Amino acid sequence: MAKHNLLGEKGEEAACLYLVRKGYEILARNGSMYGAEIDIVAEYHGTIAFVEVKTRSRASEEEAVAAVNHEKRIRIIAAARSFMAQFPPCKRIRFDVITCLGADHPFSVDHHRGWFDLSEVMRKWRR
């Protein structure tokens with residue numbers, strides 16, 4: 001396995017542990033739908049959070065979250081819609097980004113709740 005893939009897996013594991021400690025229930029990991037992958041799907045007090053995890057050994061926080069660009073957001077939303085079609089209607093969904101910075105565990109973990117939403121993506125798409 002490539003070194004960057006191993007680092008990414010460690011970051012996703014750290015993100016899951018972080019979410020569980022905060023009271024989230026992990027519903028799915030690495031779900032692939034329609035050519036897009038959702039790193040983590042978690043529930044917290046009735047809200048479904050679709051979480052993109054960005055793990056970087058040498059990047060800044062800003063560089064890590066910037067990697068979730070417009071095209072990536074569109075793919076995440078498409079995968080989330082597919083995921084939600086399999087479950088009863090949910091009143092609230094949210095798109096989060098978790099960054100894991102460092103070369104190995106323990107990572108510096110930062111949770112960006114509601115990092116983007118459907119309206120933001122649609123506004124940019126219409127331009």
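The values are calculated or read from the model by the stated rules, or taken from the named source; none is laboratory data. All figures in this text were calculated on a predicted structure; none of them were measured in a lab. Heads up, the Cβs are rebuilt from the backbone with ideal geometry, glycines too, and the neighbour counts pull from every protein chain shown.
Points worth noting:
- Subset of the stretch 45-74 (residues that are in a loop (DSSP other than H, G, I, E, B) and either in contact with an Asp or Glu (Cβ under 6 Å, 6 or more places away or on another chain) or in contact (Cβ under 8 Å) with a residue 60 or more places away in the chain (or both)): Val68
- The condition of being of a type in the set (Lys, Arg), exposed (fewer than 12 other Cβ atoms within 10 Å of the Cβ) and closer than 18 Å to Asp110 by Cβ holds for only one of Lys22, Lys91, Lys10, that being Lys22.
- Unique match (being assigned to a helix (DSSP H, G or I), β-branched (Val, Ile, Thr) and on the phi < 0 side of the Ramachandran plot) among Ile26, Ile77, Ile40: Ile77
The rows are residues; the columns are (1) at pLDDT 85 or above; (2) more than 14 Å from the chain's Cα centre (by Cα).
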| residue | (1), (2) |
| --- | --- |
| Arg58 | no, yes |
| Arg73 | yes, no |
| Ile76 | yes, no |
| Leu101 | yes, yes |
| His105 | no, yes |
| Met122 | no, yes |
| Arg126 | no, yes |
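- Selection over the stretch 79-99 of residues that are modelled with pLDDT of 90 or more and of a type in the set (Lys, Arg) gives a count of 1.
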